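The values are calculated or read from the model by the stated rules, or taken from the named source; none is laboratory data. Here the structure is a predicted model, which is why all the values come from computation and not from measurement. In this analysis, Cβ positions are derived from the backbone assuming ideal geometry, glycine residues included, and neighbour counts consider all displayed protein chains. Protein only, heavy atoms only, side chains kept; ligands, DNA and RNA dropped before computing areas. Shrake-Rupley method; radii C 1.70, N 1.55, O 1.52, S 1.80 Å.
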Amino acid sequence: MKGIELDELMNRRIAPPVPLGSYPPSDVTFLLKDLSNVSLERPTAEREEAIQSGVHYSEMLPVEYQPTAQYIELFHETLQQSAEKVALEVAIVSEMIVAQRGTEDTVLVSLARAGTPIGVLIKRYIAERYGVELPHYSISIIRGKGIDENAILYILQRHGMDAKLQFIDGWTGKGAIRRVLIEACSSMYKKYGIILSDDLAVLADPGHCSGTFGTREDYLVPSACLNSTVSGLMSRTVLRGDLIGPEEFHGAKFYKEWLQTDLSNVFIEAITPYYPSVIEEAQAVAAGMLASPPEISWQGLRDIQSIQETFGIVDINLVKPGVGETTRVLLRRVPWKILVDTMDNPNLRHILLLAEDRGVPVEVFPGLTYSCCGIIKPLKGESE
């Protein structure tokens, strides 16, 4: 890109962020337009029909699932049982980020909303371990529409062209968001000459599509259990031409009315006390992975093709593999059935509870790479 064009780009006036979310401001800055006063929620069945009829999912919001007391109890129990494991995986990812990028000019960029709690945990670990407070932003990325370029430009305006952006998400399913990120980084270079790394740091990578991860085990990351109440009370992100201007960030709602039941900071505070005890193991694991980088095989994407063939599902977007994605299907889509590797998998207790609550059949699918897979009900016939 010519220097003058780059200067113009860096001087583009972008609407500044407003305070959002229930995390302390020191933990994360949400680069999102506040749409809290806009009615965007549509009932699950109506939203599902709209999505499968061609309306983009980012143009409306699901009605947020209000968990039962039994489900909340299960969240707390799962969090207690897995807090040390999550801390270790956060530490492994953090050590890899620091080893590969250092701490100078590194900026943490979480992909809203599942990436945000993990980004907060990584920021906290690096601060405690290395004494450096890395900037941390949460921005929107949308399948079929791309990344929020205004958010990227805002970060570069604030931190300079030498800033090293580390993208962060919670987990991978079949790798759809990683593909969007790869395309977005390529687009930023072609359009503006801006070079970004498309490395996506995740806690769990059962899809085998990331090189920076804590584990490839398909287990329950506790933050996948809930929606906004574990993600800073933020909704999914929204992108609609009538709501978002050319110099504005993608939008989201801040559900202030649920502050009394918010568990976002409870999640963070349950995990951070384990940091000192996992440092040594995390360093060893990270060093091993850096010395012998794990293969990015996209194995998960290939594995779900057999599910498509078995059940005659044409649209791959109706197949959501992995514990995190299956949870999302049960919380905000119209599930057809849930496939599991085995009924006694301890990672699936919340899945079975949600399926029972919603009357969704659960089937054992032998040879499943993931712990489970959620299939969204095709509304125009199972094989269309």
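Quick test of the membrane-span-like rule: which DSSP H helices of the chain reach at least 27 Å along their long axis (C-alpha atoms) with mean Kyte hydropathy at least 0.0?
Numbers: long enough: 69-101 (43 Å, 0.26).
TM-like helix candidates: 69-101.
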### Three-way shape call for region 213-300 based on the alpha-carbon gyration tensor, with the a/c threshold at 1.5
oblate
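By the gyration tensor of its Cα atoms, with a ≥ b ≥ c the square roots of the eigenvalues, what is the shape of the chain: rounded for a/c under 1.5, prolate for a/b over b/c, or oblate? List each step's numbers first, then the result.
On the way: a/c = 1.43, a/b = 1.20, b/c = 1.19.
Because its axes are fairly even, with a/c under 1.5, the chain counts as rounded.
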### Query
Summing -39500 (n - 2.57) over the DSSP H runs of n ≥ 4 in the chain and dividing by its residue number, what mean residue ellipticity at 222 nm do you reach, to the nearest 500 deg cm²/dmol?
-12500 deg cm²/dmol
### Task
Find the accessible area per residue for the chain; the probe is 1.4 Å, ligands and nucleic acids are left out, and the unit is Å².
41
#### Entry: Tally of Lys pairs whose C-alpha atoms are under 21 Å apart, taken over region 86-233, 8 or more apart or cross-chain
6
#### Entry: Rounded to the nearest 20 debye, dipole of region 248-315 from Cβ charges on Lys, Arg, Asp, Glu
80
#### Entry: Estimated distance in nm for a label pair at L243 and K377, the labels positioned 7 Å out from Cα along Cα-to-Cβ
2.5
### Message
Among DSSP bridges having both ends in region 225-384, what percentage is antiparallel? Round to the nearest 5.
### Response
75
### Message
Using Cα-Cα distances under 8 Å and only pairs 6 or more residues apart, what relative contact order does the chain have, in percent?
### Response
21
### Task
Counting only C-alpha contacts under 8 Å and six or more residues apart, can you give the relative contact order of region 61-151 as a whole percent?
24
### Task
For an R0 of 22 angstrom, estimate the FRET efficiency from the Cβ-Cβ distance between D162 and V18 and round to the nearest 0.05.
0.20
### Query
Roughly speaking, what is the stretch gain from R358 to R143, that is 0.36 nm per residue apart minus the C-alpha to C-alpha distance, in nm to one decimal?
74.7 nm
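For the chain, with all protein chains present and a 1.4 Å probe, just round the carbon and sulfur fraction of the accessible area to a whole percent.
Values: 7800 of 15750 Å².
Roughly 50 percent, rounded to a whole number.
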### Query
Most mobile of I338, I296, I141 per a Gaussian network model of the chain (Cα springs, under 10 Å)?
I296
### Task
Could you check the simple spin-label distance between Q81 and M10, using points 7 Å along Cα→Cβ, in nm with one decimal?
5.2
### Summary
Across G193, G241, G211, the residue with the highest GNM fluctuation in the chain (Cα network, 10 Å cutoff) is G241
### Message
Report the rotationally averaged projected area of region 243-368 based on its alpha-carbon convex hull, in square nanometres.
### Response
13.5
### Task
Return the single residue from V362, V120, V340 with maximal mean-square fluctuation; model: Gaussian network over the chain, springs between Cα atoms under 10 Å.
V362
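Ranked from highest to lowest mean number of other Cβ atoms within 10 Å per residue, what is the order of the peptides 55-66, 170-181?
Final packing ranking: 170-181, 55-66.
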### Task
For K256, go through the aspartates and glutamates and keep the ones whose alpha-carbon is under 15 Å away, minus same-chain ones fewer than eight residues off.
D34, E64
### Task
Using Cα pairs closer than 8 Å and at least 6 residues apart in sequence, work out the relative contact order for region 338-380, in percent.
60
